[in-house]
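Student: Take a look at the following structure, please.
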Amino acid sequence: MPLPDRPVSHASIESVWGQQIHDYTFAPAGCRGSGTGGSVSTTLSKLVYATVGDDPGGYMDTANNNIVVPTGGEGLYSVGVVFNTVSGSAGSGFGTRGVMQLNGTNVATGKEDNNGGTNVAFNVLWVGELAAGDILNFWAQRIGGGTNPTVTVNYCVMYRVGFEFGAP
């Protein structure tokens, strides 16, 4: 389907242009999911991301803990993930880093101090253009010494907001 450019005068909403704009606006493509916790050390560890919350387009590859952009799914996306860290040593210099990777490259990171047995959540956000076949996944590591924390992807929401950045 060609990308919409500008509406044609007197075109019906059922036109290709109208249907695609409708879909981007009212039913954006994407997925929502979560994972289970795992202990992480100072080495970056891939996190489990295998619980589907909503995935009508088939983005989630739960067997490999990935999000894979399907054919026809290319576009401009907003991705937000909430990491949770617990059981890492509390105190100065003890923390957890959460990482979002795109095709094996870090694109967004966040860090939060550990607080022993208290659950600590933190957000990592990213906006960018994705192509069919692109792979997103989530990683974590302990920062500093002390006890290894258990880190979980509480949830991730990814949705397509358009096709590309445009000019005003």
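The values are calculated or read from the model by the stated rules, or taken from the named source; none is laboratory data. Predicted, not measured: the structure shown is a model, and the values here were computed from it. A quick note on method: Cβ atoms are made from the backbone with ideal geometry, for glycine too, and the neighbour counts reach across all protein chains shown.
Student: Which condition does T43 not pass, out of (1) in contact with a Gly (Cβ under 8 Å, 6 or more places away or on another chain); (2) on the phi < 0 side of the Ramachandran plot; (3) among the polar types (S, T, N, Q), if it passes all the others?
Tutor: So T43 meets the others, but not (1).
Student: May I pose another question? For the stretch 91-102, what are the residues that are modelled with pLDDT under 95 and on the phi < 0 side of the Ramachandran plot?
Tutor: Step one: list which residues in the stretch 91-102 are modelled with pLDDT under 95, which gives 91-93.
The one that is modelled with pLDDT under 95 and on the phi < 0 side of the Ramachandran plot: S92.
Student: How many residues are modelled with pLDDT of 95 or more and either among the hydroxyl-bearing types (S, T, Y) or not in a strand (DSSP E or B) (or both) when one looks only at the stretch 15-35?
Tutor: Residues that pass the stated criteria total 2.
Student: Report yes if some residue within the stretch 112-128 is touching a residue at least 60 places away in the same chain (Cβ under 8 Å) and in a loop (DSSP other than H, G, I, E, B); otherwise report no.
Tutor: Within the stretch 112-128, the subset touching a residue at least 60 places away in the same chain (Cβ under 8 Å) is none.
No, because not a single residue in the stretch 112-128 is touching a residue at least 60 places away in the same chain (Cβ under 8 Å) and in a loop (DSSP other than H, G, I, E, B).
Student: Can you confirm whether D55 is without any contact (Cβ under 8 Å) to a residue 40 or more places away in the chain, surrounded by 12 or more Cβ atoms within 10 Å (Cβ to Cβ) and under 20 Å from A27 (Cα atoms)?
Tutor: Working: without any contact (Cβ under 8 Å) to a residue 40 or more places away in the chain: yes; surrounded by 12 or more Cβ atoms within 10 Å (Cβ to Cβ): yes; under 20 Å from A27 (Cα atoms): yes.
Criteria met by D55.
Student: Looking only at the stretch 129-150, count every residue that is of a type outside the set (V, I, T) and part of a loop (DSSP other than H, G, I, E, B) and tell me the total. Step through it out loud before you land on a result.
Tutor: Keep residues of the stretch 129-150 that are of a type outside the set (V, I, T), which gives 129-134, 136-142, 144-146, 148-149.
Subsequent filtering for residues that are part of a loop (DSSP other than H, G, I, E, B) retains 131-134, 144-146, 148-149.
Adding up the residues that qualify gives 9.
Student: Moving to a separate point now. Might you let me know whether the stretch 58-69 holds any residue that is surrounded by fewer than 18 Cβ atoms within 10 Å (Cβ to Cβ), at pLDDT below 95, out of contact with any helix residue (DSSP H, G or I) (no Cβ under 9 Å at 6 or more places or on another chain) and more than 20 Å from L125 (Cβ to Cβ)?
Tutor: no
Student: Just need a number here: residues in the stretch 50-98 that are part of a strand (DSSP E or B) and either over 27 Å from E129 (Cα atoms) or in contact with a Pro (Cβ under 8 Å, 6 or more places away or on another chain) (or both). Working first, answer last.
Tutor: If we filter the stretch 50-98 for residues that are part of a strand (DSSP E or B), which is where we start, we get 51-54, 60-61, 66-68, 75-86, 88, 95-98.
Checking the rest, the ones that are also either over 27 Å from E129 (Cα atoms) or in contact with a Pro (Cβ under 8 Å, 6 or more places away or on another chain) (or both) come to 85-86, 88, 95-96.
Qualifying residue count, the stretch 50-98: 5.
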